[in-house]
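Following: one structure in structure tokens, then a few remarks.
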Amino acid sequence: MSTPRKLLLLFLAISVVPVVTLGFINYRSGVSAVETQLRGEVEREAQVITREFESRLREREDALSALARSPALRDYVRGGAKQESESAGGDDRRPLTNAPQVSRLSPESSGQAAAEPGIPPDVQGEVRALIRGGGKDYVGVTCLGTTKEPLFRAEISKGAGEAQVSFETRGYLPESLRADERVWSIGAQAPLRSGVKRESFGSVLRYTIPVFPAEENSSAARGALVIDLMIDALLDDAAGNVAALSQTRISESSPPPRLVVVLDRAGNALYHSNEVLRYQSLASALPASFKPLAAEMNEGRSGWRFYEAADGDNWIGAYQPLAPLDLSVAVAGDYSAAVRSLRNVGWLSVGLIALVGVGTAILLLVFLRRNARSIERVTEGAVAIAGGNLNQRIEVRSSDEIRLLAESFNAMSDRLREQIAREAESRQFQSFMRLSAMLTHDLKNSILSLSLLVGNMEQQFDREEFRADAMKSLTQATDKLRTIVAKLSEPVRSLSGEFKRPRPVDLIPVIKRALERTAEPAGMHEIEIELPSTLVAVADDERIERVVENLVINALEAMGAQKGKLTVKAGEAEENFVFFSVSDTGPGMTEEFQRTRLFRPFATTKAKGVGLGLYTCRELVRALGGRVEVESEYGSGTTFRIVLPSIEITEASEKSGRAR
């Protein structure tokens, strides 16, 4: 493949493809953000409907309880009980007729309501206030006496003007308006809920509340109030704001932006933002893909799901149980409509970027072909210089960057000739390069320690103990990097190998400090540490810490991405000597490598290793009067054992140590 084509493909790889990829990623991020926002909106709206419904239901229950505790109503029930008793005892006073009697509100102009014979005006007023206060929520209020016979029933009726309340007295109570039998035995004045029933005019929730003429206890005589609430009206009020949104349409054929539905346990839609679909079964009111949501709702759960509408759009539905009743509410938003404009803009952007990239690539190809020959001449000259022909001159007639490149090659060859001529300076340069390689190795170890620490921050940063250890490790790593830079700035002193005079040092804190920077951040490996409380050796703590760090990092790199086990031990060795060891479960070393290349400068088994770590470790340990022992089997791991003197080295002890 020619150079222009290679550069063209390189241009596409490093500019057009990343930009197109970035555009696609931005599009996906935007879609994800819209999904998150829409899901949050429908979840909040479902919660709002649930709270509104439960709040209104509690308000109605409190109002019913207040009416049942009304002194006027309790006196009326007590009077009705007395009248029933006298009538049963043969009193000649005529009871209330069993024929239906109806009283209507007087016209608005009169300002007064006609009083129903036998029903005190204050009782009528309180009942009217209850029904009118509830608006369209109440179907009717029935009052039963202590003999379970009806005393009156109040219903709301629509007239030409404001809604009016009519009263009926005895003899009219059908089976469908019977009270909950539990009301005759409970001892507290609490509303009894009989569940939601489907009537011809809508869904009704019936309450039965005891009315105690005297004290409240389970054996006391009592009357009862039977009140029917329109669930439809409560749901209309609770879902009014959200349902209003569902009536907003861009066109007659577009789907509503919101869908609000309330299902009972039988799968019927007691409420639907589309009034035509109310009281329909699940199969009629909603698409078949809504069934998983309906199953969750039937179990009283809350959550959200995607489902597909009849027109193929994807919708997000969030559902919540209506806790007081066996109902669940779901609010759904059109996900496809929400991301449609974003999708169009995203694909348009990607297309434009690709088009601009292709056009730029064509122009680049034309330009590269014009400069191909100049590049070839520069390449030929560079190959000749690389082959050792430092007298090669590169001549280019163009006036662009290629000519500058050719002149740079010519200048480079001139400088190389000058450097070769300086033999003494070359030796000094080689010494400096050796120091740079050694310091590069130390710098690599420090960077690896920091990489392990940073890699572990994502999982452990919320722990205060980890943050404290991390700050300590970062401080130590910074100091070490500063020391490395100082050594590079003073090559003469660094090459001389100056260190502190050996002295008694507790190895345990030194080993633990090195492990904190290297082994502990590598959370994927199993670490086993067997250290005594103290272990004194005559050494230099800086050298020993460097040795431990090198050995641990080598062990971790040997185990690589495969989970392994790192073992660090320390203790007493032979007389006047102590040891510490670092073991790993990596691939180990061959006998041939141990025999011919181990501890040699620039010899390594790692693909990216410098090859100075073990060589440096051995030299540092030898300088302290110690030795390095190795046990390794190919495929089974490696153990490095460092033996150090525990007393000051004398001529006799040195001979004894060498003999061992």
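For every residue, the table says whether it meets (1) part of a helix (DSSP H, G or I); (2) at pLDDT below 65; (3) under 22 Å from Glu549 (Cβ atoms).
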residue	(1), (2), (3)
Asn389	no, no, no
Ala406	yes, no, no
His441	yes, yes, yes
Ala468	yes, no, yes
Revision key, fill the gap. Restricting the range 614-636 to residues that are touching a strand residue (DSSP E or B) at 6+ places or on another chain (Cβ under 6 Å) and part of a helix (DSSP H, G or I), the one nearest to Gly588 (Cα to Cα) turns out to be Arg618
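I'd like the full set of residues that are small (Gly, Ala, Ser) and modelled with pLDDT of 55 or more, limited to the range 162-179. Full working, then the answer.
Of all residues in the range 162-179, those small (Gly, Ala, Ser) come to 163, 166, 171, 176, 179.
Answer for the range 162-179, where residues must be small (Gly, Ala, Ser) and modelled with pLDDT of 55 or more: Ala163, Ser166, Ser176, Ala179.
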Practice item. Scan (1) modelled with pLDDT under 85; (2) open to solvent by 60 Å² or more (accessible area, probe 1.4 Å); (3) more than 24 Å from Lys472 (Cβ to Cβ) for the single condition Leu598 breaks and write down its number. Key: (2)
Point to revise | Cβ pairs under 7 Å, 6+ apart, first in the range 183-199 and farther than 17 Å from Leu73 by Cα, second surrounded by fewer than 14 Cβ atoms within 10 Å (Cβ to Cβ) and hydroxyl-bearing (Ser, Thr, Tyr) | key: Ser185/Ser218; Ile186/Ser218; Gly187/Ser218
Review point. Is one or more of the residues making up the range 499-508 touching a residue at least 12 places away in the same chain (Cβ under 8 Å) and either within 41 Å of the chain's Cα centre (by Cα) or within 21 Å of Glu631 (Cβ to Cβ) (or both)?
Key: yes
Revision key, fill the gap. Filtering the range 294-310 down to residues that are outside any helix (DSSP H, G or I), surrounded by fewer than 16 Cβ atoms within 10 Å (Cβ to Cβ) and more than 23 Å from the chain's Cα centre (by Cα) yields Glu299, Gly300, Glu308, Ala310
Check your understanding: Is there a residue being crowded, with 17+ Cβ neighbours inside 10 Å, among the hydrophobic types (A, V, I, L, M, F, W, C) and closer than 30 Å to Glu199 by Cβ anywhere in the range 353-360?
Key -> no
Practice item. Would you please list the contacts, defined by Cβ atoms under 8 Å and residues six or more apart or on different chains, that run from a residue in the range 54-80 that is under 18 Å from Glu216 (Cβ atoms) to a residue that is open to solvent by 40 Å² or more (accessible area, probe 1.4 Å) and assigned to a helix (DSSP H, G or I)? Key: Leu67/Glu126; Ser70/Glu126; Ala72/Asp122; Ala72/Glu126; Leu73/Glu126
Exercise for review: Say whether the condition of being polar (S, T, N, Q), modelled with pLDDT of 75 or more, closer than 26 Å to Arg58 by Cα and not in a strand (DSSP E or B) is met by at least one residue in the range 188-199.
Suggested key: yes
Point to revise | Where Tyr335 falls short, out of the listed (1) in contact with a helix residue (DSSP H, G or I) (Cβ under 8 Å, 6 or more places away or on another chain); (2) free of Cβ contacts under 8 Å to residues at least 12 places away in the same chain | key: (2)
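Yes or no, residue by residue, for (1) in contact (Cβ under 8 Å) with a residue 40 or more places away in the chain; (2) over 47 Å from the mean Cα position of the chain (by Cα):
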residue	(1), (2)
Ile353	yes, no
Gly359	no, no
Arg369	yes, yes
Ser374	no, yes
Glu380	no, yes
Val383	no, yes
Glu407	no, yes
Ser413	no, yes
Ile420	no, yes
Study note, to complete from the structure: Counted residues in the range 524-574 being in a helix (DSSP H, G or I) and either more than 19 Å from Leu614 (Cα to Cα) or of a type in the set (Gly, Ala, Ser) (or both) come to 2
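The values are calculated or read from the model by the stated rules, or taken from the named source; none is laboratory data. Keep in mind that this is a model prediction, so the values were computed, not measured. Positions of Cβ are generated from backbone atoms using ideal geometry, with glycine treated the same way; all protein chains shown enter the neighbour counts. Accessible surface is based on the protein model in full, side chains and every heavy atom, while ligands, DNA and RNA are left aside. Shrake-Rupley method; radii C 1.70, N 1.55, O 1.52, S 1.80 Å.
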